[in-house]
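Worksheet: the structure to be examined is printed underneath.
The values are calculated or read from the model by the stated rules, or taken from the named source; none is laboratory data. Just so we're clear, the structure is a prediction, and the values are computed from it rather than from any experiment. No Cβ is skipped: glycine too gets one built from the backbone with ideal geometry, and neighbour counts run over all protein chains shown.
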Amino acid sequence: MAITLLVTPMLILSRVGAQTEWIPIPGPRDLLHLFQTFADHGRVYLALLTALSLLGLGIGVASLSERGQRLLLRLMLLLRRSSSEERIARARQQVQDDQQLAAFGFVLLCWLLIPTLLSYAITQVSIHLFLDRYLVSVLAAFFLLAVVGLSTLPWRLPRTALALLLLALALYHMPYYYAHAEQESWRPAAFWVAAHYQEGDGLVCYDNGQGCALAFEYYFSLTPTLAHFDSDSPGAFHWVDYDLLPYNVARVTLGTEKASQATDPSALAAYARHHARLFYVVARLPNAAAVQRAQASVAWLSAHYRLLASFATSTAHVYLFETTS
């Protein structure tokens, strides 16, 4: 009930239209790929997590019935290879603990499956929501289910060994993840522009459709600078107005066409006539065609104006041109 109440604003806003049509409609393989992503594509790691989760859920379900309790008690006594009163008492206590874990496991299962399956089903017919980074909130439930299974093992040594093995596998995959993770750093380029900006300079950014100007404006707000994007800067468009429009092909085309004005020589020439110096920023190009357009624009600017300085990072490349002799 609390979740339903809290998501009500999102439900109302969703009537405007889906803003995530770029997310593809998932198939059964995408469900498997989701959990492979959670395990960083480690087969052994995923197999262990899944096996422990199923073990914990299976034992928890069995402990809820009298027949299942008798079965678990016999199994534990068999594994302990003893029928002394102390061993029997420990085994019974373990069965009672399993009942408590069953309730906890059920909550975790709801936490894991409800958002995953609902987003999968809704994406088939309505708003596109099924995406691994959207579903990162279920990760805790996925790993805690494995902990539930681990805690049901009756031997201390295997429990400790498995826990250490899972930790080792997680640490093994961590460097691989960070080595291939997409990391963007807009701060150095934005601060370089802010430091070199003079009153009256022009500023053009491509591709604004991918948030180029938005990122720079954020860092401009963190430092005392005159740097800003003019409303007539080629390729500039208002993100708030764009986002509130219903999602359709016309909207996407409009946004793409407006952003591509930053690579139009006639638009650049008209803008440069009003500014003695021009900053041209190239960042976050979505595809090879955008790369070609950006390269052509830089070549055109270099042929018509004098390059004063440039600054490059792995995220953005900034060129400063003098537009008047």
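Every residue in region 285-299 that is surrounded by 13 or more Cβ atoms within 10 Å (Cβ to Cβ) and in contact (Cβ under 8 Å) with a residue 24 or more places away in the chain, please.
Leu285, Ala290, Arg293, Ala294, Ser297
Could you grab me the full set of residues in region 38-57 that are surrounded by 15 or more Cβ atoms within 10 Å (Cβ to Cβ) and assigned to a helix (DSSP H, G or I)?
Phe38, Tyr45, Leu46, Leu48, Leu49, Thr50, Leu52, Ser53, Leu55, Gly56, Leu57
Checking the condition within 30 Å of Trp22 (Cβ to Cβ), crowded, with 19+ Cβ neighbours inside 10 Å, modelled with pLDDT under 95 and hydrophobic (A, V, I, L, M, F, W, C), which residue from Leu268, Leu245, Leu254 passes?
Step by step, each of Leu268, Leu245, Leu254 is checked, and only Leu268 is within 30 Å of Trp22 (Cβ to Cβ), crowded, with 19+ Cβ neighbours inside 10 Å, modelled with pLDDT under 95 and hydrophobic (A, V, I, L, M, F, W, C).
Within region 175-208, can you find the residues that are touching a residue at least 40 places away in the same chain (Cβ under 8 Å), in a helix (DSSP H, G or I) and not small (Gly, Ala, Ser)?
Answer for region 175-208, where residues must be touching a residue at least 40 places away in the same chain (Cβ under 8 Å), in a helix (DSSP H, G or I) and not small (Gly, Ala, Ser): Tyr176, Tyr177, Pro188, Trp192, Val193, His196, Asn208.
Mind checking which pairs have a first residue in region 300-311 that is in a strand (DSSP E or B) and a second that is among the aromatic types (Phe, Trp, Tyr), Cβ under 6 Å, 6 or more apart or different chains?
Leu307/Phe321; Ser310/Tyr319; Phe311/Trp192
The rows are residues; the columns are (1) in the same structural domain as Ser53 (by TED's automatic domain parsing); (2) over 29 Å from Glu21 (Cβ atoms); (3) in contact (Cβ under 8 Å) with a residue 24 or more places away in the chain.
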| residue | (1), (2), (3) |
| --- | --- |
| Tyr120 | yes, no, yes |
| Tyr134 | yes, no, no |
| Leu139 | yes, no, yes |
| Leu144 | yes, yes, yes |
| Gly149 | yes, yes, yes |
| Leu165 | yes, yes, yes |
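Just name the residue that is farthest from His128 (Cα to Cα) out of those in region 219-242 that are part of a helix (DSSP H, G or I) and modelled with pLDDT of 90 or more.
Phe220
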